[in-house]
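Colleague: One structure coming up, written as structure tokens, with questions to follow.
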Amino acid sequence: QVQLVESGGGLVQAGGSLRLSCLASGSIFSINVMGWYRQAPGRQRELVARIVSGGSPDYADSVTGRFTISRDNAKNTVYLQMNRLKSEDTAVYYCNTKGIRSGSAYYPDLWGQGIQVTVSS
């Protein structure tokens with residue numbers, strides 16, 4: 001059974017930084033896409049950043065230049081470095097993977113449990 005485990009959230013002042021991590025646990029052969037979404041109160045879940053295996057990352061316009069997504073395929077982990085945080089970045093952040101191959105199993109779309117990021121102004 002493959003699960004996504006997020007860590008690194010918390011409370012930070014505006015202008016500060018946080019680093020989120022998401023580990024895909026289990027016996028994994030490959031992961032196609034790893035990414036981060038967020039959902040603020042009263043708003044729809046939105047894409048923050050994603051990275052395809054062997055490809056370039058994509059970012060939401062609102063975080064371009066401030067956030068950096070990276071992945072360590074050997075560790076089945078994706079990171080989100082968030083700099084120059086703003087109050088509008090406050091949300092629950094969700095790790096997402098698409099296309100995990102694990103033995104004979106295939107997980108087309110997995111979500112983490114979500115982790116709170118709060119930016120105080």
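Colleague: Which residue is least open to solvent (accessible area, probe 1.4 Å), if the candidates are limited to region 41-58 and must be without any contact (Cβ under 8 Å) to a residue 40 or more places away in the chain and within 13 Å of the chain's Cα centre (by Cα)?
Modeller: Among those residues, the one meeting the criterion is ALA49.
Colleague: Filter region 59-73 down to the residues that are in contact (Cβ under 8 Å) with a residue 12 or more places away in the chain, farther than 17 Å from LEU18 by Cβ and either among the acidic types (Asp, Glu) or open to solvent by less than 50 Å² (accessible area, probe 1.4 Å) (or both) and list them by number.
Modeller: ARG71
Colleague: Follow-up. Select from region 14-40 the residues that are open to solvent by less than 30 Å² (accessible area, probe 1.4 Å), over 14 Å from GLN116 (Cβ atoms) and either in a strand (DSSP E or B) or among the aromatic types (Phe, Trp, Tyr) (or both) and list them in ascending order.
Modeller: SER21, CYS22, ALA24, ILE31, VAL33, MET34, GLY35
To keep it simple, each residue is scored yes or no on (1) within 12 Å of the chain's Cα centre (by Cα); (2) open to solvent by 40 Å² or more (accessible area, probe 1.4 Å).
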{"site": "ASN76", "(1), (2)": "no, no"}
{"site": "ASP89", "(1), (2)": "no, no"}
{"site": "THR97", "(1), (2)": "yes, no"}
{"site": "SER104", "(1), (2)": "no, yes"}
{"site": "PRO108", "(1), (2)": "no, yes"}
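Colleague: Let me ask something else about it. Only one residue in LEU80, LEU85 is assigned to a strand (DSSP E or B), in contact with a strand residue (DSSP E or B) (Cβ under 8 Å, 6 or more places away or on another chain) and buried (at least 20 other Cβ atoms within 10 Å of the Cβ), so which one is that?
Modeller: Exactly one residue qualifies, and that residue is LEU80.
Colleague: Could you figure out which of (1) in a strand (DSSP E or B); (2) open to solvent by less than 50 Å² (accessible area, probe 1.4 Å) isn't true of GLN116?
Modeller: Just one mismatch for GLN116, condition (2).
Colleague: Going by what's in this entry, would SER27 be described as modelled with pLDDT of 95 or more and of a type in the set (Gly, Ala, Ser)? It would help to see each step written out before you state the result.
Modeller: Working: modelled with pLDDT of 95 or more: no; of a type in the set (Gly, Ala, Ser): yes.
No.
Colleague: Would you confirm whether any residue within region 55-72 is of a type outside the set (D, E, K, R) and farther than 27 Å from LEU11 by Cβ? Outline the logic, then answer.
Modeller: First, pick out the residues of region 55-72 that are of a type outside the set (D, E, K, R): 55-57, 59-60, 62-65, 67-70.
Filter once more, so that each one left must be farther than 27 Å from LEU11 by Cβ: 55-56.
Scanning region 55-72 turns up at least one residue that is of a type outside the set (D, E, K, R) and farther than 27 Å from LEU11 by Cβ.
Colleague: Now for a separate question. Please determine, by comparing only the residues of region 15-52 that are in contact with a Leu (Cβ under 6 Å, 6 or more places away or on another chain) and small (Gly, Ala, Ser), which one is farthest from ASP109 (Cα to Cα). Steps first, please.
Modeller: Taking region 15-52 first, the residues in contact with a Leu (Cβ under 6 Å, 6 or more places away or on another chain) are 16, 20, 22, 24, 36-37.
Now narrow it down to the ones that are small (Gly, Ala, Ser): 16, 24.
On the way: GLY16: 31, ALA24: 12 Å.
If we take residues in region 15-52 being in contact with a Leu (Cβ under 6 Å, 6 or more places away or on another chain) and small (Gly, Ala, Ser), then GLY16 is farthest from ASP109 (Cα to Cα).
The values are calculated or read from the model by the stated rules, or taken from the named source; none is laboratory data. In this text the structure is predicted, and so the values were computed from the model without any measurement. Heads up, the Cβs are rebuilt from the backbone with ideal geometry, glycines too, and the neighbour counts pull from every protein chain shown. In case anyone asks, the SASA skips ligands and DNA or RNA and just uses the protein heavy atoms, side chains included. Shrake-Rupley method; radii C 1.70, N 1.55, O 1.52, S 1.80 Å.
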